[in-house]
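The values are calculated or read from the model by the stated rules, or taken from the named source; none is laboratory data. Owing to the predicted nature of the structure, the values given are computational and were not obtained by experimental measurement. As a convention, Cβ positions derive from the backbone with ideal geometry for all residues, glycine included, and neighbour counts pool all protein chains shown. With ligands, DNA and RNA removed, areas are computed over all heavy atoms of the protein, side chains included. Shrake-Rupley method; radii C 1.70, N 1.55, O 1.52, S 1.80 Å.
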Amino acid sequence: MNVPLQRVSLASMVIVMLTQVLLVQFTEIASPADNYTVCQGDNATLSCFIDENVTRVAWLNRSNILYTGKDKWSIDRRVQLVTNTKTEFSIVITKVDMADEGLYTCSYQTQDRPHTSQVYLIVQVPAQIVNISSNITVNEGSNVNLMCLAVGKPEPTVTWRQLKEGFSSEGELLEITEINRQQAGDYECITSNGVSAPDSKKVKITVNYPPSITDVKNAQSPVGKSAVLRCEAMAVPPAEFEWFKDDKRLYTSMEGIKIQNERTWSVLLFSNVTSRHYGNYTCLASNKLGSFNTSLRLLKPGVPLNRGVTYTISPLLLGLFSSVFILLLRTI
(Lines give C-alpha, C1' and ligand atoms only; values in the text may rest on other atoms or scores of the structure.)
Protein backbone atom coordinates (compact mmCIF):
# COMPACT_ATOMS: atom_id res chain seq x y z
CA MET A 1 0.00 0.00 0.00
CA ASN A 2 2.88 2.35 0.64
CA VAL A 3 4.33 2.08 -2.92
CA PRO A 4 1.29 3.48 -4.77
CA LEU A 5 0.99 6.25 -2.23
CA GLN A 6 4.67 7.04 -2.64
CA ARG A 7 4.33 7.28 -6.46
CA VAL A 8 1.29 9.51 -6.08
CA SER A 9 3.27 11.70 -3.72
CA LEU A 10 6.18 11.85 -6.20
CA ALA A 11 3.82 12.70 -9.03
CA SER A 12 2.36 15.50 -7.01
CA MET A 13 5.87 16.74 -6.23
CA VAL A 14 6.85 16.75 -9.92
CA ILE A 15 3.64 18.54 -10.90
CA VAL A 16 4.31 21.18 -8.28
CA MET A 17 7.91 21.53 -9.56
CA LEU A 18 6.72 21.96 -13.15
CA THR A 19 4.13 24.53 -12.11
CA GLN A 20 6.81 26.49 -10.28
CA VAL A 21 9.15 26.19 -13.27
CA LEU A 22 6.51 27.56 -15.63
CA LEU A 23 5.87 30.48 -13.30
CA VAL A 24 9.60 31.24 -13.17
CA GLN A 25 9.90 31.04 -16.97
CA PHE A 26 7.16 33.62 -17.34
CA THR A 27 9.07 36.07 -15.18
CA GLU A 28 12.64 35.23 -16.26
CA ILE A 29 14.37 34.78 -19.60
CA ALA A 30 15.19 31.08 -19.97
CA SER A 31 18.53 30.15 -21.52
CA PRO A 32 18.26 28.48 -24.95
CA ALA A 33 18.42 24.71 -25.12
CA ASP A 34 21.69 23.10 -26.14
CA ASN A 35 21.63 20.87 -29.23
CA TYR A 36 22.78 17.29 -28.85
CA THR A 37 23.25 15.44 -32.14
CA VAL A 38 23.34 11.65 -32.30
CA CYS A 39 23.17 9.10 -35.12
CA GLN A 40 20.19 6.77 -35.36
CA GLY A 41 20.97 3.54 -33.53
CA ASP A 42 23.60 5.06 -31.23
CA ASN A 43 23.22 5.82 -27.52
CA ALA A 44 22.43 9.31 -26.17
CA THR A 45 23.50 10.31 -22.65
CA LEU A 46 21.67 13.33 -21.23
CA SER A 47 23.50 14.93 -18.29
CA CYS A 48 22.24 17.45 -15.79
CA PHE A 49 24.91 19.07 -13.59
CA ILE A 50 23.67 20.09 -10.14
CA ASP A 51 25.08 20.83 -6.68
CA GLU A 52 24.51 19.68 -3.12
CA ASN A 53 21.81 22.32 -2.58
CA VAL A 54 19.45 20.52 -4.97
CA THR A 55 16.60 18.80 -3.14
CA ARG A 56 14.61 17.30 -6.00
CA VAL A 57 15.52 16.51 -9.63
CA ALA A 58 13.74 14.99 -12.65
CA TRP A 59 14.22 14.38 -16.38
CA LEU A 60 11.27 15.00 -18.72
CA ASN A 61 10.64 14.58 -22.43
CA ARG A 62 8.00 17.07 -23.47
CA SER A 63 5.26 16.38 -20.89
CA ASN A 64 6.39 12.84 -20.14
CA ILE A 65 8.28 12.18 -16.91
CA LEU A 66 11.25 9.89 -17.48
CA TYR A 67 12.96 9.83 -14.07
CA THR A 68 12.45 11.53 -10.73
CA GLY A 69 15.48 10.86 -8.58
CA LYS A 70 16.00 7.09 -8.57
CA ASP A 71 12.40 6.37 -9.58
CA LYS A 72 11.79 5.47 -13.22
CA TRP A 73 8.53 6.69 -14.73
CA SER A 74 9.21 5.87 -18.36
CA ILE A 75 7.99 2.46 -19.60
CA ASP A 76 10.66 2.51 -22.33
CA ARG A 77 13.30 -0.10 -21.51
CA ARG A 78 15.88 1.88 -23.49
CA VAL A 79 15.79 4.74 -20.94
CA GLN A 80 18.04 4.09 -17.94
CA LEU A 81 19.55 6.10 -15.09
CA VAL A 82 23.36 6.13 -15.31
CA THR A 83 24.45 8.79 -12.78
CA ASN A 84 22.69 10.02 -9.67
CA THR A 85 25.10 11.94 -7.44
CA LYS A 86 25.16 15.28 -5.65
CA THR A 87 26.76 16.87 -8.74
CA GLU A 88 25.25 15.02 -11.70
CA PHE A 89 21.93 13.48 -12.69
CA SER A 90 22.21 11.67 -16.05
CA ILE A 91 20.13 9.23 -18.08
CA VAL A 92 20.91 7.26 -21.24
CA ILE A 93 18.68 6.37 -24.19
CA THR A 94 20.02 3.34 -26.04
CA LYS A 95 19.49 2.68 -29.75
CA VAL A 96 18.09 6.13 -30.42
CA ASP A 97 15.40 6.39 -33.11
CA MET A 98 13.68 9.28 -34.90
CA ALA A 99 10.81 9.23 -32.38
CA ASP A 100 13.28 10.16 -29.64
CA GLU A 101 14.09 13.51 -31.23
CA GLY A 102 12.87 16.54 -29.33
CA LEU A 103 13.27 18.72 -26.26
CA TYR A 104 14.41 17.17 -22.97
CA THR A 105 14.23 19.09 -19.69
CA CYS A 106 16.12 18.55 -16.46
CA SER A 107 14.07 20.17 -13.70
CA TYR A 108 15.57 20.55 -10.22
CA GLN A 109 14.60 22.29 -7.01
CA THR A 110 16.90 24.22 -4.70
CA GLN A 111 16.03 25.80 -1.38
CA ASP A 112 15.21 29.16 -2.90
CA ARG A 113 13.59 28.33 -6.29
CA PRO A 114 13.23 25.78 -9.12
CA HIS A 115 15.60 25.60 -12.10
CA THR A 116 15.61 24.01 -15.56
CA SER A 117 18.30 22.83 -17.94
CA GLN A 118 17.21 21.92 -21.47
CA VAL A 119 18.74 19.98 -24.35
CA TYR A 120 17.31 19.40 -27.81
CA LEU A 121 18.12 15.91 -29.07
CA ILE A 122 18.72 15.84 -32.84
CA VAL A 123 18.67 12.38 -34.41
CA GLN A 124 20.54 12.03 -37.69
CA VAL A 125 19.70 9.18 -40.08
CA PRO A 126 22.33 7.78 -42.48
CA ALA A 127 21.53 8.16 -46.16
CA GLN A 128 19.95 5.02 -47.60
CA ILE A 129 18.65 4.09 -51.04
CA VAL A 130 15.08 2.86 -50.63
CA ASN A 131 14.06 2.45 -54.29
CA ILE A 132 16.02 2.20 -57.53
CA SER A 133 15.27 1.27 -61.13
CA SER A 134 15.74 -2.34 -62.20
CA ASN A 135 18.22 -3.49 -64.84
CA ILE A 136 16.91 -2.53 -68.25
CA THR A 137 17.36 -3.61 -71.89
CA VAL A 138 16.52 -1.12 -74.67
CA ASN A 139 17.11 -0.70 -78.38
CA GLU A 140 19.67 1.83 -79.55
CA GLY A 141 18.08 5.26 -80.02
CA SER A 142 15.56 4.83 -77.21
CA ASN A 143 15.12 7.25 -74.31
CA VAL A 144 16.05 5.91 -70.86
CA ASN A 145 15.05 7.21 -67.42
CA LEU A 146 16.66 5.86 -64.25
CA MET A 147 15.26 6.70 -60.79
CA CYS A 148 17.05 6.44 -57.44
CA LEU A 149 15.15 7.42 -54.28
CA ALA A 150 17.02 7.93 -51.00
CA VAL A 151 16.09 8.94 -47.46
CA GLY A 152 18.11 10.31 -44.56
CA LYS A 153 18.54 13.22 -42.20
CA PRO A 154 19.97 15.67 -43.12
CA GLU A 155 18.50 15.45 -46.62
CA PRO A 156 20.93 13.32 -48.67
CA THR A 157 22.41 14.15 -52.05
CA VAL A 158 22.01 11.67 -54.93
CA THR A 159 24.54 11.23 -57.74
CA TRP A 160 24.41 8.96 -60.78
CA ARG A 161 27.75 7.77 -62.19
CA GLN A 162 28.51 5.72 -65.30
CA LEU A 163 31.28 3.35 -64.30
CA LYS A 164 32.73 2.82 -67.79
CA GLU A 165 33.13 6.44 -68.87
CA GLY A 166 33.17 8.16 -65.47
CA PHE A 167 30.19 10.36 -66.42
CA SER A 168 28.21 11.73 -63.45
CA SER A 169 24.90 13.51 -62.97
CA GLU A 170 23.36 15.07 -59.85
CA GLY A 171 19.78 14.29 -58.84
CA GLU A 172 17.48 11.33 -58.32
CA LEU A 173 16.44 11.15 -62.00
CA LEU A 174 18.90 10.33 -64.78
CA GLU A 175 17.59 10.99 -68.29
CA ILE A 176 19.41 9.62 -71.35
CA THR A 177 18.05 10.77 -74.71
CA GLU A 178 18.54 8.49 -77.74
CA ILE A 179 20.95 6.16 -76.00
CA ASN A 180 23.77 4.66 -78.06
CA ARG A 181 25.81 1.49 -77.69
CA GLN A 182 28.73 3.34 -76.07
CA GLN A 183 26.42 4.36 -73.21
CA ALA A 184 25.59 0.77 -72.26
CA GLY A 185 26.96 -0.66 -69.01
CA ASP A 186 26.68 -0.24 -65.25
CA TYR A 187 25.33 2.96 -63.71
CA GLU A 188 25.88 3.51 -59.99
CA CYS A 189 23.61 5.56 -57.74
CA ILE A 190 25.44 7.04 -54.73
CA THR A 191 23.71 8.83 -51.86
CA SER A 192 25.34 10.59 -48.92
CA ASN A 193 24.54 13.08 -46.17
CA GLY A 194 27.76 13.01 -44.16
CA VAL A 195 26.33 10.95 -41.31
CA SER A 196 27.99 7.67 -42.23
CA ALA A 197 29.51 5.95 -45.26
CA PRO A 198 27.63 6.60 -48.55
CA ASP A 199 25.11 4.04 -49.75
CA SER A 200 25.29 2.86 -53.35
CA LYS A 201 23.53 0.50 -55.76
CA LYS A 202 24.01 -0.33 -59.45
CA VAL A 203 21.73 -0.55 -62.48
CA LYS A 204 22.81 -2.26 -65.71
CA ILE A 205 21.67 -0.87 -69.06
CA THR A 206 21.88 -3.24 -72.03
CA VAL A 207 21.63 -1.55 -75.42
CA ASN A 208 20.55 -3.71 -78.35
CA TYR A 209 21.86 -2.83 -81.81
CA PRO A 210 22.10 -4.54 -85.22
CA PRO A 211 25.27 -6.33 -86.33
CA SER A 212 28.21 -4.55 -87.84
CA ILE A 213 31.06 -6.58 -89.32
CA THR A 214 34.25 -5.11 -87.95
CA ASP A 215 36.96 -7.37 -89.37
CA VAL A 216 37.44 -10.08 -92.03
CA LYS A 217 40.31 -12.32 -93.04
CA ASN A 218 40.72 -13.65 -96.57
CA ALA A 219 42.93 -16.63 -97.33
CA GLN A 220 45.33 -18.05 -99.93
CA SER A 221 46.16 -21.74 -99.90
CA PRO A 222 47.40 -24.36 -102.37
CA VAL A 223 45.41 -27.45 -103.16
CA GLY A 224 45.67 -30.09 -100.46
CA LYS A 225 46.42 -27.64 -97.66
CA SER A 226 44.17 -26.10 -94.97
CA ALA A 227 42.71 -22.59 -95.03
CA VAL A 228 40.66 -20.30 -92.81
CA LEU A 229 38.24 -17.47 -93.62
CA ARG A 230 37.38 -15.30 -90.59
CA CYS A 231 34.48 -12.91 -90.03
CA GLU A 232 34.09 -10.76 -86.90
CA ALA A 233 30.95 -8.79 -85.98
CA MET A 234 29.72 -6.70 -83.05
CA ALA A 235 26.04 -6.87 -82.08
CA VAL A 236 23.67 -7.03 -79.09
CA PRO A 237 22.18 -9.54 -78.81
CA PRO A 238 25.11 -11.46 -80.31
CA ALA A 239 24.87 -12.06 -84.03
CA GLU A 240 24.16 -15.41 -85.63
CA PHE A 241 26.56 -16.18 -88.50
CA GLU A 242 25.86 -17.82 -91.85
CA TRP A 243 28.24 -18.59 -94.71
CA PHE A 244 27.42 -18.65 -98.44
CA LYS A 245 29.23 -19.48 -101.66
CA ASP A 246 27.59 -18.42 -104.90
CA ASP A 247 24.29 -17.80 -103.07
CA LYS A 248 24.36 -21.33 -101.66
CA ARG A 249 24.39 -21.66 -97.89
CA LEU A 250 27.23 -23.69 -96.43
CA TYR A 251 27.01 -26.19 -93.58
CA THR A 252 29.56 -28.02 -91.47
CA SER A 253 28.35 -31.31 -92.89
CA MET A 254 29.63 -30.40 -96.36
CA GLU A 255 32.76 -32.21 -97.50
CA GLY A 256 35.96 -30.55 -96.36
CA ILE A 257 34.21 -27.62 -94.66
CA LYS A 258 33.71 -26.84 -90.97
CA ILE A 259 32.03 -23.75 -89.47
CA GLN A 260 33.00 -22.61 -85.97
CA ASN A 261 31.00 -19.83 -84.30
CA GLU A 262 31.81 -17.89 -81.15
CA ARG A 263 30.12 -14.89 -79.55
CA THR A 264 31.64 -12.22 -81.80
CA TRP A 265 33.25 -14.15 -84.65
CA SER A 266 32.87 -17.05 -87.05
CA VAL A 267 35.44 -18.97 -89.09
CA LEU A 268 35.07 -21.14 -92.19
CA LEU A 269 37.64 -23.96 -92.00
CA PHE A 270 38.92 -25.92 -95.00
CA SER A 271 40.80 -29.02 -93.92
CA ASN A 272 41.82 -30.03 -97.47
CA VAL A 273 41.51 -27.31 -100.10
CA THR A 274 40.41 -28.44 -103.57
CA SER A 275 40.03 -26.41 -106.76
CA ARG A 276 36.27 -26.17 -106.29
CA HIS A 277 36.81 -24.37 -102.97
CA TYR A 278 38.40 -21.34 -104.62
CA GLY A 279 36.21 -18.28 -105.13
CA ASN A 280 34.10 -15.68 -103.34
CA TYR A 281 32.32 -16.30 -100.04
CA THR A 282 29.77 -14.24 -98.10
CA CYS A 283 29.60 -13.92 -94.33
CA LEU A 284 26.17 -12.89 -93.03
CA ALA A 285 25.75 -11.68 -89.44
CA SER A 286 22.19 -11.12 -88.18
CA ASN A 287 20.09 -10.63 -85.03
CA LYS A 288 16.51 -9.50 -84.38
CA LEU A 289 17.39 -5.87 -85.21
CA GLY A 290 19.00 -6.40 -88.61
CA SER A 291 21.79 -7.99 -90.61
CA PHE A 292 25.10 -7.17 -92.24
CA ASN A 293 27.13 -9.09 -94.81
CA THR A 294 30.53 -8.91 -96.42
CA SER A 295 32.51 -10.80 -99.07
CA LEU A 296 35.66 -12.84 -98.54
CA ARG A 297 37.91 -14.73 -100.95
CA LEU A 298 39.79 -18.00 -100.96
CA LEU A 299 42.43 -17.86 -103.71
CA LYS A 300 45.33 -19.81 -105.08
CA PRO A 301 48.80 -18.71 -104.01
CA GLY A 302 50.17 -15.90 -106.15
CA VAL A 303 46.78 -14.42 -107.04
CA PRO A 304 46.43 -10.90 -105.53
CA LEU A 305 43.70 -10.77 -102.89
CA ASN A 306 42.76 -7.28 -104.13
CA ARG A 307 42.88 -7.42 -107.91
CA GLY A 308 43.12 -4.15 -109.83
CA VAL A 309 40.37 -3.24 -112.32
CA THR A 310 41.37 -3.19 -116.02
CA TYR A 311 39.46 -0.93 -118.34
CA THR A 312 39.33 -1.71 -122.15
CA ILE A 313 38.50 0.77 -124.98
CA SER A 314 36.89 -0.38 -128.27
CA PRO A 315 38.60 0.43 -131.68
CA LEU A 316 35.59 2.55 -132.72
CA LEU A 317 35.83 4.70 -129.61
CA LEU A 318 39.60 4.93 -130.05
CA GLY A 319 39.13 6.20 -133.64
CA LEU A 320 36.65 8.80 -132.49
CA PHE A 321 39.07 10.11 -129.87
CA SER A 322 41.84 10.29 -132.56
CA SER A 323 39.63 12.34 -134.97
CA VAL A 324 38.70 14.81 -132.25
CA PHE A 325 42.36 15.15 -131.27
CA ILE A 326 43.42 15.91 -134.90
CA LEU A 327 40.72 18.57 -135.32
CA LEU A 328 41.91 20.25 -132.13
CA LEU A 329 45.49 20.36 -133.47
CA ARG A 330 44.36 22.00 -136.77
CA THR A 331 42.62 24.81 -134.93
CA ILE A 332 45.75 25.79 -133.04
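A straight Cα-to-Cα reach below 24 Å connects residue 70 with the lysines 86, 95, residues fewer than 8 places away in its own chain not being considered. Its relative contact order, with pairs defined as Cα atoms under 8 Å and 6+ residues apart, puts the range 134-176 at 42 percent.
Work through the residues other than residue 120 whose Cβ is under 11 Å from its Cβ and net out their charges, Lys, Arg +1 and Asp, Glu -1. With Lys, Arg at +1 and Asp, Glu at -1, the net is -2. Run the reach check for residue 225 against aspartates and glutamates, Cα to Cα strictly under 18 Å, same-chain hits fewer than 8 apart removed. What comes back? Leaving aside aspartates and glutamates fewer than 8 places away in the same chain, those within reach of residue 225 are 255. Using the 1.4 Å probe convention, the accessible area of the range 54-121 works out to 52 Å² per residue with neighbouring protein chains retained. The lysines whose alpha-carbon is closer than 30 Å to the alpha-carbon of residue 164, local same-chain residues fewer than 8 away aside, are 201, 202, 204, 288. Taking the Cα centre of the range 41-183 as reference, the dipole from Cβ charges on Lys and Arg (+1) and Asp and Glu (-1) amounts to some 580 debye. Comparing Cα centroids, the range 247-292 and the range 138-171 end up 44 angstrom apart. Taking 8 Å as the Cα distance limit and 6 or more residues as the minimum spacing, I'd like the relative contact order of the range 26-159 as a percentage. Relative contact order, the range 26-159: 27 percent. Charge tally around residue 140: other residues with Cβ under 11 Å, Lys/Arg +1 each, Asp/Glu -1 each, net 0.
Summing charges over neighbours of residue 216, with a neighbour being any other residue whose Cβ is under 9 Å away from its Cβ, gives 0 when K and R count +1 and D and E count -1.
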